[in-house]
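Read the structure below first, then the notes.
The values are calculated or read from the model by the stated rules, or taken from the named source; none is laboratory data. Here the structure is a predicted model, which is why all the values come from computation and not from measurement. Methodologically, a virtual Cβ is constructed for each residue, glycine included, from the backbone with ideal geometry; neighbour enumeration extends over all protein chains shown.
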Amino acid sequence: MLYPMTSPVPSSVSAPAIIDPYVLFQSDGGYEVRRALASRPRRRYTLEYLGKTTYELRYLRDFLMYHRNGVLPFQFQHPTAFDSVPASNTTPVWLSFMHGLVTGQWVNIGAGPTALVGQWQVTRIDSVNIALNGSVASGATNVVVSHYLPNAIARFNDNTWESPVKLLGPDQLGTGGRQQGIFSFTIQVEEVF
């Protein structure tokens, strides 16, 4: 299931935090060896929601309770950062832009030739070129690309999503002429393997 993209839309989304833990071995002779714990780093985004209605809060709360803080992963596509970038007429297709990705991460192509629209795992060529694994030439064109996480979880401090900051009114929908609440809150979405 894809994380809610259309409503409510976050007020802001952070640039990705990079999670890359390692093991450290120190010898008695003073040598130090570091080894990465995973084949590639993971990404974490902080989504900030400002002035959202009770309905929007409950919609996200329902989604997150269903996915239970990592028990059931979901898909996440960056909802606010889309780049229009050139795509090569090669097999595999190369995208040329300052991407900040490593081999094994994923992107979403939202607009472009039909054969390229969808999610693609990438191979890093260099800092400004990535190849879409398994893609076939579709003509030189521009595509709209964003970061995509095929498996993500919501991460909370001490496994608790604290009560959102109440800006106005109670936690009710405002039916029957009553005033509904307005809230602000943040959610952290983290990539898992």
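Odds and ends about this structure:
- Close pairs (7 angstrom Cβ cut-off, 6 or more residues apart or separate chains): on the phi > 0 side of the Ramachandran plot in the stretch 104-116, in a loop (DSSP other than H, G, I, E, B) and crowded, with 21+ Cβ neighbours inside 10 Å anywhere: none
- Looking only at the stretch 49-74, residues that are more than 11 Å from Val189 (Cα to Cα) and touching a strand residue (DSSP E or B) at 6+ places or on another chain (Cβ under 6 Å) come to 6 in all.
- For the stretch 5-26, a residue qualifies if it is in a loop (DSSP other than H, G, I, E, B) and out of contact with any helix residue (DSSP H, G or I) (no Cβ under 6 Å at 6 or more places or on another chain), and the qualifying residues are Met5, Thr6, Ser7, Val9, Pro10, Ser11, Ser14, Ala15, Pro16, Asp20, Pro21.
- Filter result for Ser14 (polar (S, T, N, Q), touching a residue at least 12 places away in the same chain (Cβ under 8 Å) and within 30 Å of Arg124 (Cα to Cα)): yes
- The stretch 172-186 - residue that is modelled with pLDDT of 75 or more and over 16 Å from Ala15 (Cβ atoms) and, of those, surrounded by the most Cβ atoms within 10 Å (Cβ to Cβ): Phe183
- Filter result for Asn133 (over 27 Å from Gln188 (Cα atoms) and either surrounded by 14 or more Cβ atoms within 10 Å (Cβ to Cβ) or in contact with a Leu (Cβ under 8 Å, 6 or more places away or on another chain) (or both)): yes
- Note on the stretch 27-45: among residues that are aliphatic (A, V, I, L, M) and assigned to a strand (DSSP E or B), the one that is modelled with the lowest pLDDT is Ala36.
- For the stretch 3-47, the candidate set comprises residues that are exposed (fewer than 11 other Cβ atoms within 10 Å of the Cβ) and aliphatic (A, V, I, L, M); within that set, the residue that is nearest to Asp62 (Cα to Cα) is Leu37.
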